[in-house]
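A short reminder: the numbers here are calculations on the coordinates, not readings from a lab. Bear in mind the structure is a predicted one, so any value in this text is a computation, not a measurement. Counting neighbours? That spans all protein chains shown, and the Cβs are built from the backbone with ideal geometry, glycine included.
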Amino acid sequence: MLVRRWVVLAGVVILLAFSLKAAFGGGAPAAPAAPAGSSTSTPGRSGATAGSRTEQRFVVSEASWHLEAPVSRAVVLATGNELLVLGGLTTGDVSTADIWRLSPGTGSATRVGTLSTAVHDAAGAYLGGRALVFGGGSYSSLGEVQAAPGGSGVSTVAGSLPVPRSDLSAAVVGGHAYVLGGYNGSALVAQVLETSDGVHFTTAGTLVQPVRYAAVAALGGAIYAVGGDLGTTESAGAGGATSDIQRFDPATGRAEVIGHLPSGLGHASAVALGGRIYVIGGRSASGLLSTEIFSIDPGTGTVRSVGALAYPRSDASAAVVGGTAYLVGGETSGPLAPLTSVLEVRLETVRVRTGAAGQAATADSAAGRPRSHVAAQPNIYAADGPNMLSPVVQNMPYRIYVPESAGSDVDVIDPYTYKVVARYYTGLDPQHVIPAWNLKTIYAANDLGNSLTPISPYTGRPEGPNIPVADPYNLYFTPNGRYAIVVEEANQTLAFRDPTTMKLIKALPVDCPGVDHGDFSADGSFAIFSCEFSARMVKVNLRTLSVESYLNIPGTAPQDVKLDPAGDIFYTADLNHGGVYLISAKTFRVIGFIATGRDAHGLYVSRNARYLYVTNRGSGSISEIDLATRKVKATWYIPGGGSPDMGNLSPDGTVLWVSGRYNACVYAISTVTGKLLAEIPVPNMPHGLLVWPQPGQYSIGHTGIMR
């Protein structure tokens, strides 16, 4: 809610559309493992015997440890067996001055000092026992060189660059640091600077193509600058990005283009391993995030794809320690929400058996295969089949109710004509429209208005005075109908209220900023809620109205929650990792992850209870997960991109209605063909829309979750 309130109060709409290659990330307990595509095999030249051969595999995996605080665009330097993380952007697009020492061997992170100036988009080098930070951005491009002896304590200003630069890179060759690329506040900079002390600088040469946000690594006495942005503004796609692979030779001062990536790319990470340069993630020329991993032959400039990340990542900082490269932090949803996770990148040499044709032998084992959780299992959505309307709602007109979360109104759409037929004032910042447990009333939750607006589902109009409640970001009802639960996101409170009068019964504080969405166990004895800004879930005992436990899922920003039909698994969408985590209802532990798309957000079970639809807000797509196999069956993309957020299914289940939160519209998408049926304009960041009426016997709230 902190980010949402900032967006609403500042009147700023951030439009981000990202690209994601769907990949299944395994079942790691803390974060998604790298998919199978993240490893590649190259025949070895030695050591092979009859029936076997050696292979060198490129492996990317998520470290079991993580940062103490999220950060992107930091300076990361290797010092012996440790890493220094200096500056960067923290949550909310704010520069930090913190200096952290990371020990991969123990997984520890210790804050060891501060920069004299908080900075991001800087470059750095470790020279003469000092950590040097060159330039960077704050409110403008900076020229100072900050030095922290040993990397700890409070840094001092050691010198200054000839001209200010942000968005620059640096590499060390032969005890000298070389500063490449960047932006001086008005133009891109081509000069390559050399220094051995951070005080004295000389021009060592010029790049063929001046760039900012290039991926830079040193190998074999040369420096490679791969890709980079060509624009002079921060707008996505402004000026484009280059595909150039530039090699700079410090000995001669000569720069040349030795090859090209398949397309323009900026904000990527580069590491040198095993005699090659690897370029990981980044953003395309149009600003779309990438999962691609490329290998570059430094001799020929030849580029080949060697896999994909489990989820997109840009603006991570890289350094190599002990033969393993570490990608620290980064972004999956822009600078407002940096990551805490760390990727480990390494080459592994393995021996594999070969068959008669010299191919690696494979085994088809059932181990690890997910069993069916649909067939021959109870179905908690048995009353939610196509058009299984309760007698209570059969005479209510079919309408779509859309809250304008950056305004004060609710729009009403006729689903037959795809037209907005009414607009009513409810209160400031309506986030969701929610049906009551008894199906007789629907409510607009006016978050900043601190009220609920009752709306008649017969007329589609507000039907009485607003009901005062504190901070109603969302609203749920316990399955037995005993309590309404007002989710007070900003207050970090779950308020248990009378479901009819909304009189407060108990306010339950929760130790997890960003409490947002939830769902209930099959027997109604407990609920779990996601905490978007604290990378954790909270389990609430509904008999005692108390917190039972918390589940930490490092590096995540959990969103919508949905129980599977068997009542065994809580699926939880994660914005940061672009997919859904599987949480055991029995043990309250993560048991798997399914990659879907950038900014995975809303979850909806099909009318036949066989599929789970996932809205991928950042990639403009909807993923259809087969609940029996726990695999993505299909992904549907909105033509031209979009930002599908929250919604629900039509009564017959053939149409998925979702808000286009950052595109000022509502989408109607066929669940039969995956095609976009309509795009209806709705202003002011439409959010948690309600499709009404819905099949089912009672409502447990949110955007019409029925049982």
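Numbers at a glance
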item: Added length on full extension, which subtracts the Cα-Cα distance from 0.36 nm per residue, Asn608 to Ser160; result: 154.7 nm
item: Descending semi-axes in whole angstrom, ellipsoid equivalent of region 79-206, from the Cα gyration tensor; result: 23, 18, 12
item: Long-range amide H partners of Leu475 with built H, under 5 Å; result: Val487, His702
item: Neighbourhood net charge (14 Å Cβ-Cβ; Lys/Arg +1, Asp/Glu -1) for Pro149; result: +1
item: Cβ-placed point charges (K, R +1; D, E -1), dipole of region 382-692 about Cα centre in debye, nearest 20; result: 520
item: Size of charge dipole - the chain - debye, nearest 20, with Cβ of Lys, Arg +1 and Asp, Glu -1, no other charges; result: 1420
item: Span per principal axis, largest first, for the Cα atoms of region 53-110 (Å); result: 50, 23, 18
item: 11 Å beta-carbon shell around Gly185, net charge (K/R +1, D/E -1); result: 0
item: Cα gyration tensor category, rounded, prolate or oblate, for region 606-707 with a/c compared to 1.5; result: oblate
item: Helix-only [θ]222 nm of the chain, DSSP H runs n ≥ 4, -39500 (n - 2.57) each, per residue, nearest 500; result: -500 deg cm²/dmol
item: Difference of contour (0.36 nm per residue) and Cα-Cα distance, Lys506 to Thr349; result: 50.6 nm
item: Fully extended contour minus Cα-Cα distance, from Thr459 to Thr202, at 0.36 nm per residue; result: 85.0 nm
item: Rounded if a/c under 1.5, otherwise prolate or oblate - the chain, Cα gyration tensor axes; result: prolate
item: Rough spin-label spacing in nm, given labels placed 7 Å along Cα→Cβ, for Asp568 and Thr110; result: 4.6
item: Distance between modelled label sites at Asn379 and Val59, nm, 7 Å Cα→Cβ extension; result: 4.3
item: Charge tally in the Cβ shell below 11 Å around Leu89, where Lys, Arg are +1 and Asp, Glu are -1, Leu89 excluded; result: -3
item: Footprinting exposure proxy for Cys512, Cys531, Cys665 (fewest neighbouring C-beta atoms within 10 Å first); result: Cys665, Cys512, Cys531
item: Sorted by Cβ density within 10 Å, fewest first, the residues Met537, Met502; result: Met502, Met537
item: Global form of region 636-693, assessed from the alpha-carbon gyration tensor, a/c cut-off 1.5; result: oblate
item: For region 382-692, fraction of C-alpha pairs farther apart than 35 Å, in %; result: 11
item: Per-residue Cβ neighbour rank within 10 angstrom, fewest leading, Ile99, Ile258; result: Ile258, Ile99
item: Leading residue at positive end of dipole, the chain (Cβ point charges), from Ala406, Ser72, Ala319; result: Ala319
item: Using a Förster distance of 25 Å, the FRET efficiency for Asn480-Tyr418 (Cβ separation, nearest 0.05); result: 0.10
item: Estimated inter-spin distance, His260 and Ser584, nm [label 7 Å along Cα→Cβ]; result: 5.2
